[in-house]
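Read the structure below first, then the notes.
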Amino acid sequence: MASPDKAKRGIPSKEDFNLWYPAIVEIADLVDKRYPIKGMDVWKPYGWKAMMLIDGLTRAEMDRTGHEEYNFPLLVPEDLLEKENRLVSLLKKAREEGVDPDELRLDEEEAGFKKEVYWVKHAGENELELPMFLRPTSETPMYTMFPLWVRSHGDLPLKTFQIVNTFRYETKQTRSFIRVREIHFFEAHTAHKDQEGADAQIEEDAVIVQNLLHDLCFPAIVSKRPVWDTFPGAWFSNAVDVVMPNGRTLQVATYHHYKDQWAKAFDLKYEDTEGQSQFCHQTTFGMSERMLGAVVGMHGDDAGLIFPPKIAPIQIVLMPVAQHLDEDVIPSINKIADTLKSAGYRVKVDDRDLRPGAKHYDWEIKGVPLRLELGPRDLKSGQFVLSMRTGGKASHDVDELLNVISDSLDATESELRNRAAVHMEHLVLDFPGIEQSSDGWKLTKPLEDGKVYQLAFDGNDSDAEILEKATGLTFLGDCIDSYNEPQPCAVTGRMTTRKQHLARMY
């Protein structure tokens, strides 16, 4: 239960995560959920700034790896959706039947994605001859253009990305940043000469993900999704799952290897060095505002948010204390603010006419990493008082300002990473085991609610189904971090180093 003090603040205890999360995103002024369309929140300046900073980290990674930013139209004509649906249905059927997609006709299957898109069927008072829809993602519009840009091997690799809004008609319960209908979406799409080039891109995507996770200060489970949970248009899919405080996993990113399957459908070819026409191999990499949702859920506490310094809209809040007793307090704190701004920090001077306790409460809720206070006594001693949102308070010499701030922000990141690691240790447990009897398969002991279970698994689809039915949990797939030593498979008993996870997913 929340303490009486915390209850007055209107923040539920984080122990009840399902109450805490939707409350804190509004109390901390990230979004306003009162817009009259379900699942379409209004981003408020504080939340939007945090999202823009995440986008900035992503753009830096794209620049480092040679991706170019594009911006494609929002509307897509219906015939392109039909083309995509036929392709995805074909690939799904080929996978189910265990045959090469080339052995099946492209028009054998009916479309399957129409229920997920928003349609535009009128322009003014005129009914459109060809309806359009709002993009749910951008394979179709982008791959329609790629063949116009790729002619020879010299045009490859083509590495593109865009950060746009996408739209999906989500029918499940919506939750800010986690399950929404208008999605703030990052997507990278690449085309390569061969499978080797696409393989290398998937490896590069894995590094990009780890760099972003490091900056956001939390670990994640990265898995190659099982075949039955792979996007039907992909050869394979890797997914990045963060374990939220209630034990549910939140998929924050995916990267897909398409081989040449989409290229064949969209006639994406190039002329090689010998003058022969070859189909490109492609990959995609997608993330959304779920990254911000994971930051909120992972790092926040009963007092509010805690932002990792690299994406904190305000990194240091400066508070004058008892300025009415010394007219030099405000000029001095403004001078400190100017010094910090010149050094590249995001700062705010809070000179509101409020009691210090009320100010402290506001900035705790908003998760500002550092709070710097300066009063008449500090001026006389040549010091300032610095409080860290992760805990700790001390006086420092003004002459050491920049070193102290740098070290304190580094210490905040380290503390958040340590806390997140402990969080994972508490929520990810070893699977207790399963055994077969005359009554069927049963767990050797009950599972705990709100936990993720790791296990060795080297079985087939039916073996996986046994585990999912017995546990009520879902397979995440082959973890990229395998066991160091062989372990017995939970179902077959065969020795394997393959590590898998069972979880309840958002």
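The values are calculated or read from the model by the stated rules, or taken from the named source; none is laboratory data. Just so it is clear, the model here is predicted, and its values are computed rather than measured. Glycine gets a Cβ as well: all are built from the backbone with ideal geometry, and neighbour counts include every protein chain shown.
Can you name the residue in region 150-172 that is charged (D, E, K, R) and at pLDDT below 95 and, of all such residues, is surrounded by the fewest Cβ atoms within 10 Å (Cβ to Cβ)?
Lys172
Looking at (1) under 30 Å from Leu502 (Cα atoms); (2) among the acidic types (Asp, Glu); (3) at pLDDT 95 or above, which is the only condition Asp397 fails?
(1)
If Leu416 meets every condition in (1) closer than 20 Å to Glu15 by Cβ; (2) surrounded by fewer than 14 Cβ atoms within 10 Å (Cβ to Cβ); (3) not assigned by TED's automatic domain parsing to the domain that holds Arg494 apart from one, which number is that one?
Here Leu416 meets the rest and fails (2).
Any residue in region 343-356 that is outside the structural domain of Leu401 (by TED's automatic domain parsing) sitting within a Cβ distance under 6 Å of a residue that is among the hydroxyl-bearing types (Ser, Thr, Tyr) and in a loop (DSSP other than H, G, I, E, B)? List the pairs, counting only those 6 or more apart or interchain.
Hits for this filter: zero, empty list.
Can you pull out every residue in region 250-260 that is under 17 Å from Gly286 (Cβ atoms) and in contact with a Phe, Trp or Tyr (Cβ under 9 Å, 6 or more places away or on another chain)? Lay out the reasoning, then the answer.
First, pick out the residues of region 250-260 that are under 17 Å from Gly286 (Cβ atoms): 250-258.
Selection gives Leu250, Gln251, Ala253, Thr254, Tyr255, His256, His257, Tyr258.
Counting residues that are polar (S, T, N, Q), which strands (runs of 3 or more DSSP E) fully inside region 379-474 reach at least 2? Even if it seems obvious, please write down each step before you answer.
Details: elements: 383-388, 393-397, 428-430, 434-437, 440-443, 452-456.
Qualifying strands (runs of 3 or more DSSP E): 383-388, 434-437.
Look at region 274-298 and say how many of its residues are of a type in the set (Asp, Glu) and either in contact with a Phe, Trp or Tyr (Cβ under 7 Å, 6 or more places away or on another chain) or in a strand (DSSP E or B) (or both).
Here the count works out to 1.
Of the residues Gln500, Gln487, which single one is surrounded by 15 or more Cβ atoms within 10 Å (Cβ to Cβ) and within 24 Å of the chain's Cα centre (by Cα)?
Answer to the check: Gln500.
Say whether the condition of being among the small types (Gly, Ala, Ser) and at pLDDT below 95 is met by at least one residue in region 179-188.
No.
Counting just the residues of region 220-278 that are surrounded by fewer than 17 Cβ atoms within 10 Å (Cβ to Cβ) and among the small types (Gly, Ala, Ser), which one comes out farthest from Leu447 (Cα to Cα)?
Gly275
Any idea which of Leu354, Leu292 is buried (at least 23 other Cβ atoms within 10 Å of the Cβ), out of contact with any strand residue (DSSP E or B) (no Cβ under 7 Å at 6 or more places or on another chain) and at negative phi?
Leu292
Exactly one of (1) over 30 Å from Arg59 (Cα atoms); (2) in contact (Cβ under 8 Å) with a residue 12 or more places away in the chain is unmet by Lys335. Its number?
Every condition holds for Lys335 apart from (2).
So, in region 299-315, of the ones that are on the phi < 0 side of the Ramachandran plot, touching a helix residue (DSSP H, G or I) at 6+ places or on another chain (Cβ under 6 Å) and not in a loop (DSSP other than H, G, I, E, B), which residue ends up surrounded by the fewest Cβ atoms within 10 Å (Cβ to Cβ)?
Within region 299-315, the match that is surrounded by the fewest Cβ atoms within 10 Å (Cβ to Cβ) is Lys310.
Of everything in region 265-297, what is free of Cβ contacts under 8 Å to residues at least 60 places away in the same chain and touching a Leu at 6+ places or on another chain (Cβ under 9 Å)? Give them in sequence order. Working first, answer last.
Looking only at region 265-297, we keep the residues that are free of Cβ contacts under 8 Å to residues at least 60 places away in the same chain, and these are 274-277, 279.
Matches in region 265-297: Phe279 only.
Condition (residue is farther than 29 Å from Ile311 by Cβ, touching a residue at least 12 places away in the same chain (Cβ under 8 Å) and either of a type in the set (Val, Ile, Thr) or in contact with a Gly (Cβ under 7 Å, 6 or more places away or on another chain) (or both)) applied to region 471-480: is it met by at least one residue?
yes
Do you know which residues across region 456-468 are touching a residue at least 24 places away in the same chain (Cβ under 8 Å) and either touching a strand residue (DSSP E or B) at 6+ places or on another chain (Cβ under 7 Å) or exposed (fewer than 14 other Cβ atoms within 10 Å of the Cβ) (or both)?
Residues satisfying the conditions are Ala456, Phe457, Asp458, Asp461, Ala464, Ile466, Leu467, Glu468.
Among the residues of region 466-505, write down those that are farther than 14 Å from Asp229 by Cα and among the aromatic types (Phe, Trp, Tyr).
Tyr483
Only one of Ser408, Ser381 is surrounded by 14 or more Cβ atoms within 10 Å (Cβ to Cβ) and in the same structural domain as Trp363 (by TED's automatic domain parsing). Can you tell me which?
Criteria check complete, one pass: Ser408.
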